[in-house]
Every structure is written in C-alpha cells, then in structure tokens.
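**Q** Starting off with a structure, shown below.
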Amino acid sequence: MKQLRPYPQVIVTKKAARALAGGHPWVFEGEVIRVEPSPESGEHAQNGCIVDVFEENGTYQGTGLLSEMSKIRVRIVTRNANDRLNEAFWSRKISWAWKHRKTIMGNRALPGTESDTNCCRVIFSEADGFPGLIVDRYENVLVAQVGTVGMERLRNVIYPLLLEVLSSDGQVIDGIYERNDSPSRLKEGLPQYKGWWTGTSPDENGLIAESSLTSPSTHVLATENGLKFNLDLENSQKTGFFLDQKYNRRAVRQLAQGHRVLDCFCHVGPFGLNATAGGADFVRCVDVSQTAIDLARQNAELNGLADRIDFTCANVLEYLPELARDRTQLKAEGGPFDLIILDPPAFTKTRDKVRSAMRGYKEINATAMKLLPRGGYLATCSCSHFMTRDLLAQAIAEAAHHTNVQLKQIEERQQAPDHPILWGVPESHYLDFFIFQVI
C-alpha cells in the first residue's frame, strides 16, 4: 500500500521504474499510467506541482516536479521518502551546490589572480537537483535561466534562499538577472522574458516591473584566468558567457607561446585573449556576430593585448574554406597559422540531426587540418550532448583520414567541473574538447 503523503501521486510503468532505479531523473509522458490526488489531503495535481512517483505495485520511486505540457512529464528531485520539499530542503541543496564549487574550484586559480568562484556556474539543472534551473555567477551578479514550469513556480522560493546561502559565506550579490527568453520555455507553456528579478512573477505579456532590489548594469566587468571581460548579460548568448570552457581556455593558453593562432567562433574573445596572454605571436579571432566582435575588440584593449590580436566578422563555415583556397587571403588574415581553435555552436540539438552534425564537424576539422603545417596544433570541441565523445572522435578521425594527416593527442578534456556530469544522466555530459598535434 502506498504511504499517506502530502503530494499528488503519479503512477508509472515498470519501464519508467527501471530507468529511475538506474539513476535517470525523468519520467516521460508515455510512461505515466495515471495521476492520483494526494492520499493525505485529496489535493489534485496541477501543472508544475510537486508529485510523488510510484510504480503500480506501490513502490516509491521518488518525488519530483510535474510538467503537464512537456514530453518529460516528471523530473525527480529526491529519492528519499523522508524529504519534504520545503524551504529547508531547497536551502540544503543550494548549500551543497555552492560547497561543491568552492571545493573543486577554490584552489585552482592561476597564481596571483582572482578566485575561480568569482565567475562560475552555481546551479546546473538536474546535475545539482534543480531540474530546469541554471544559475551563473558573474562577479556580483547572478544570471538565472528557468526552463521548466516546476522551477518557475519555485523561483521565488529558491532565489532568496540562494542569496541567503551566498551572503552567509561572505559573497556579495547585488541582483539576479533572469534570461528567461529561451524558446524551450514555450514547450512548457511559459512566457519568454528577461529582466531583473523582483520577487514577483511576470504578467500575462511576459513583462516584469522594475526591481525593488539593486539593479546593477547588465554590462558586467568579469575576470577569468586573470583576464577582464566586458560582458553584456542582456543580449549575449546564453547567460552572457561560456563558463564551461574556463579550464580549456587555460589549456590553450599554456600551449600558445610563440604561435600564430586562429580562433574560430570566438564569441567575445576568451580563447583568443588567453592565447595572446600566453605569449602567442599573433591571434586572429573570427565570429559571425559583429556585436561579439566589437566586445572582443574592447576586451583586447581592456587587457592591453590589442597589439597582437585582430578580429574578423565572418561566417567561419565559409571563411575557413576561403583561407584554404586562397593563400593570399590567408596571408592577409595573419597566416599561416600553426594553432587553430574550433569552438563551434552545437551543430545539433536533436538526435535526428546527428548524422548531419557529424558531417559539419568533419568538414570544419578537415579544413583546419589542411591549413595547419606538420607540427601544428588543433584545439577542437563539440557542445552538444547528442554529439557524444565517441561520435566527435569518429568525425575528427575521418577528417584526419580525408586530409591524409595523423593526429597526436595532447589532451582530452570536458566541461569545467562547476558544470558537473551526473552519471546515469548522459544529457549532463555535453562538452568534449580535444587538443591534437598534426604530424
């Protein structure tokens, strides 16, 4: 017999129970047999509410958040039947998440530079037990993204607890900026909006009032690896920066001395600036966004590195083949290059586009290999969990075969540890990064 508990109950199939027992936190639409009211109060389930999950035989499988409009119908947040999802529960989970960042990043900063927790991911969705919530820290500002209706309902509970946990540790936070403008929110029936969190919810038009809290500028001067970056939190991609590459940028920096570097898909310049700071003779940064290029140029000047770095606004998928065809153009852009960085956006966000994505990764890596001399270096990555490590390695190997070169692996890396990979949840492992020498 199922326990008398305060939450509505979702009864699931044996298949779902097996997946949950294996560690995956999702129950899919087709795995739900029925939804029952709370046995304690008779309360019926509502979209975004807390629910208990039971197998049909009465075995408790966990407690999570219901999404009635999503194919992922329930996202588990605890498997402990003694837990009650109150403020104390969420406060504990926030404390665990912050302590994890301090432990794995607190002593990794470069000598004489800022603490690595000054800019980091504080909460990483399912990997920290907050399904659909991402919170990044940029100095004294938090940037949050909410992607599920359950977290939308809980945000006004979680945000104050987050501020309390950080404040009690001596961290100064002036405001929380919400980048809730992702199209994925529409699948949950949620409005798109962005702005400073006020402690209230958006109106029917997706607008929120001016914050009663401190609202610092959405242009933040952040420091990473000893380099300063002027970030536009309101208009840049994602939450404003790609914190997951922090230590991969450092790896490139350690390799760059004396090299001529081509930084492709440069965004606001973090890879290129790290290479310049590492002693590169010259760096060319390329991105399709003029806004990103303008910020990258400002960041180079901000760090006193503008004399050895230059910028081109171009589509890398067209730019690289042009350099490979036209040696005059290659020379005009500062080549030949002997270190090329490929940090493309995800070529696929769905499983059915993986084959097409593999062709894309093969083509850009093959073109980069054509441009590199024997002994040159290639830093390349993928940021889509559908493009697994093995599929990326296969695409790179096919590119090497196609261009008749051999690769000597220098390093294999992943996302920074403030973006933890939760075993049993392959979706949490999305970034793979390789450094090769072409021989």
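The values are calculated or read from the model by the stated rules, or taken from the named source; none is laboratory data. No experiment lies behind these values; they were computed from the predicted model shown. Cβ placement follows ideal geometry from the backbone for every residue including glycine, while neighbour counts extend to all protein chains displayed. Surface areas here come from the heavy atoms of the whole protein model, side chains and all, with no ligands, DNA or RNA. Shrake-Rupley method; radii C 1.70, N 1.55, O 1.52, S 1.80 Å.
**Q** Quick one: in the stretch 402-439, which of the residues that are in contact (Cβ under 8 Å) with a residue 12 or more places away in the chain and of a type in the set (S, T, N, Q) is most open to solvent (accessible area, probe 1.4 Å)?
**A** If we take residues in the stretch 402-439 being in contact (Cβ under 8 Å) with a residue 12 or more places away in the chain and of a type in the set (S, T, N, Q), then 406 is most open to solvent (accessible area, probe 1.4 Å).
**Q** With respect to the numbered conditions (1) free of Cβ contacts under 8 Å to residues at least 40 places away in the same chain; (2) part of a helix (DSSP H, G or I), which one is the sole condition not fulfilled by residue 195?
**A** (2)
**Q** Mind checking whether some residue in the stretch 11-32 is touching a helix residue (DSSP H, G or I) at 6+ places or on another chain (Cβ under 8 Å), charged (D, E, K, R) and more than 17 Å from residue 126 (Cα to Cα)?
**A** yes
**Q** Let me ask something else. Restricted to the stretch 346-365, and to residues that are touching a Leu at 6+ places or on another chain (Cβ under 7 Å) and under 24 Å from residue 286 (Cβ atoms), which residue is most open to solvent (accessible area, probe 1.4 Å)?
**A** 358
**Q** Sticking with this structure for a sec: What do you reckon, is residue 368 in a strand (DSSP E or B), assigned by the TED database to the domain that holds residue 252, over 26 Å from residue 26 (Cα atoms) and open to solvent by less than 10 Å² (accessible area, probe 1.4 Å)?
**A** no
**Q** Of all residues in the stretch 311-336, which are surrounded by 15 or more Cβ atoms within 10 Å (Cβ to Cβ) and either touching a Lys or Arg at 6+ places or on another chain (Cβ under 6 Å) or among the hydroxyl-bearing types (Ser, Thr, Tyr) (or both)?
**A** The answer is 311, 312, 319, 324, 333, 334.
**Q** Of all residues in the stretch 401-421, which are under 21 Å from residue 120 (Cβ atoms) and more than 14 Å from the chain's Cα centre (by Cα)?
**A** Answer for the stretch 401-421, where residues must be under 21 Å from residue 120 (Cβ atoms) and more than 14 Å from the chain's Cα centre (by Cα): just 413.
**Q** Further, regarding this structure: I'd like the full set of residues that are within 24 Å of residue 222 (Cβ to Cβ), of a type in the set (D, E, K, R) and part of a helix (DSSP H, G or I), limited to the stretch 299-338.
**A** Correct list: 301, 307, 308.
**Q** Now, a different point. Looking at 296, 300, 275 in this structure, which one is more than 22 Å from residue 139 (Cα to Cα) and of a type outside the set (Phe, Trp, Tyr)?
**A** 275
**Q** Can you spot a residue in the stretch 266-288 that is assigned by the TED database to the domain that holds residue 370, within 22 Å of residue 183 (Cβ to Cβ), in contact with a Pro (Cβ under 6 Å, 6 or more places away or on another chain) and open to solvent by 10 Å² or more (accessible area, probe 1.4 Å)?
**A** No, because not a single residue in the stretch 266-288 is assigned by the TED database to the domain that holds residue 370, within 22 Å of residue 183 (Cβ to Cβ), in contact with a Pro (Cβ under 6 Å, 6 or more places away or on another chain) and open to solvent by 10 Å² or more (accessible area, probe 1.4 Å).
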